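Report on one structure; see the data block that follows.
The values are calculated or read from the model by the stated rules, or taken from the named source; none is laboratory data. Owing to the predicted nature of the structure, the values given are computational and were not obtained by experimental measurement. Cβ placement follows ideal geometry from the backbone for every residue including glycine, while neighbour counts extend to all protein chains displayed. Note: areas computed on protein heavy atoms with side chains; ligands, DNA, RNA excluded. Shrake-Rupley method; radii C 1.70, N 1.55, O 1.52, S 1.80 Å.
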Amino acid sequence: MSSVLPVVKTFACATNTANIMPDAHILGIETSCDETGAAVVRSGQRILSNVVASQIATHQPYGGVVPELASREHLRAIVPVVRQALAEAGQTYASVDAIAVTQGPGLAGALLVGISFAKALAFALEKPLIAVNHLEGHIHAVLLEQRQSGDADLHFPVLALVVSGGHTHLYLAQVHENLWSYWNIGRTRDDAAGEAFDKVAKLLGLGYPGGPIIDGLAPHGDPHGVKFQMAQIKHPDRRNQKLGDQKKVGQLRTEEDGPHFDFSYSGIKTAVLRYVETQNMKAAIEDRRRALGGIEKPTLEDTLRLCDRQTLNLAASFQRTMVNDLVMKALAAAREYDVRTLFVSGGVAANRELRATFEREAGMQGLPVFFPSRALSTDNAAMIAAAAFPKFLRGEFVAMDFSAEAGMALR
Ligand code: KG4
Ligand code: ZN
């Protein structure tokens, strides 16, 4: 990697951009995974509409997202979802100032539906087209709501934990003249945290997506009922390259330079499987899977009724272990890089125990922590339209030959 991290400055950022910048209505489109989203956001700070068509019912029988079905569902939903977003915002195709779309990361076929549609619109309407990284969208969900609530200053350096079904990433984020840049200082070595929630829920016959279900069940179990060991990842860089006075963040030359805080969640999934096998839980799990399969839209109460104490303890212990690992690593990174603000975003940021634990632990560290509302934590297009606004101000538009980037990195 050859890029150089711009010097990090600690400064108060004028988040109320409307005072100094023109109004711009951006139509955002998001189709990276299993939600078709369209939204209109004014000047990166006011949501005029935010429509999400969920595909949960389509993927539920498979216990996970089936890529081809996701593309087909996006194709079906995209036109009505965009129309609804415009209508709810009191806007028309002609009145929006730009069209923003998720370029990646995500499922290639799913991304292509949103991109093709956004391109066609931009071409026909002769409007600028803005490509947005989905992970940047998750980070800007926090900023959007901060601006919307008129919350004052944002202090840099900012550390952002993006924790979703596909990612568990830590970024140092900064902005200079509307140019946001991101520095990756941690990532999962295998499964993402949301993926672990989904796989464990599937393993326990609880349904899909697993995160919200385990979130709902965990308060009913004993979080100390089952002991899990978290993978201890060796960080030679952290041993050898502690940040000292001579090595402040702004002086790091590459992402590899500084200490890293990686995650690993495939081990805990295997540990849950081993527990299920040694405790002879498989027959009960199959019964539950069948019973839930017979209910069209199972509620938390339906699922609770079908769970014994051992399953509830297992779910609670799994969640507690995941939450502790995410919180402890993010806070260790925050201390090491001496950040002044912490963002936590992405689908898993909707988790109530995660939010409460972050608030408690970061509070003890004197570190302000911000989350999107639970609705803006999971995939949506408002975050894409919000992330597009600084690019709009910079005139950072894409040409008509741009394409999806399934493995797109955030820089
Ligand atoms: O950000 P997102 O909507 O899509 C991706 O970009 O991946 O995140 C979806 C992930 C899923 O793995 C889902 O199980 C998890 O977020 N999730 C949760 C909760 N709500 C969604 N995980 C834990 N607790 C929740 N309340
Ligand atoms: Zn996401």
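General observations
- Unmet criterion (only one of (1) touching a Lys or Arg at 6+ places or on another chain (Cβ under 9 Å); (2) within 25 Å of residue 66 (Cβ to Cβ); (3) not assigned by TED's automatic domain parsing to the domain that holds residue 384) for residue 177: (2)
Here's the yes/no breakdown for (1) free of Cβ contacts under 8 Å to residues at least 12 places away in the same chain; (2) under 20 Å from residue 226 (Cβ atoms); (3) assigned to a helix (DSSP H, G or I):
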| site | (1), (2), (3) |
| --- | --- |
| 295 | yes, no, no |
| 302 | yes, no, yes |
| 314 | no, yes, yes |
| 330 | no, no, yes |
| 339 | no, no, no |
| 342 | no, no, no |
| 358 | no, no, yes |
| 366 | yes, no, no |
| 388 | no, no, yes |
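- Selected residue (criterion: surrounded by the fewest Cβ atoms within 10 Å (Cβ to Cβ)) from residues of the stretch 167-207 that are within 16 Å of ligand 2 (Cβ to nearest atom) and closer than 22 Å to residue 276 by Cα: 191
- Filter result (under 24 Å from the mean Cα position of the chain (by Cα) and either surrounded by 15 or more Cβ atoms within 10 Å (Cβ to Cβ) or within 16 Å of ligand 2 (Cβ to nearest atom) (or both)) within the stretch 208-230: 208, 209, 210, 211, 212, 213, 214, 215, 216, 217, 218, 230
- Boolean, residue 134 is over 22 Å from residue 56 (Cα atoms), buried (at least 23 other Cβ atoms within 10 Å of the Cβ), within 16 Å of ligand 2 (Cβ to nearest atom) and modelled with pLDDT of 95 or more: no
- The listed residue being at pLDDT 95 or above and open to solvent by 30 Å² or more (accessible area, probe 1.4 Å), out of 111, 75: 75
- Residue in the stretch 391-409 that is open to solvent by less than 10 Å² (accessible area, probe 1.4 Å), assigned to a loop (DSSP other than H, G, I, E, B) and within 16 Å of ligand 2 (Cβ to nearest atom) present: no
- Residue check, residue 145 more than 22 Å from the chain's Cα centre (by Cα) and surrounded by fewer than 23 Cβ atoms within 10 Å (Cβ to Cβ): no
- Selection count, the stretch 244-272, where residues are more than 20 Å from residue 328 (Cα to Cα), surrounded by 14 or more Cβ atoms within 10 Å (Cβ to Cβ) and at pLDDT 95 or above: 2
- Residue count for the stretch 295-320, restricted to those that are modelled with pLDDT under 95 and either surrounded by 13 or more Cβ atoms within 10 Å (Cβ to Cβ) or touching an Asp or Glu at 6+ places or on another chain (Cβ under 8 Å) (or both): 2.
- Residue in the stretch 170-205 that is nearest to residue 233 (Cα to Cα), counting only those that are more than 16 Å from ligand 1 (Cβ to nearest atom) and of a type in the set (D, E, K, R): 189
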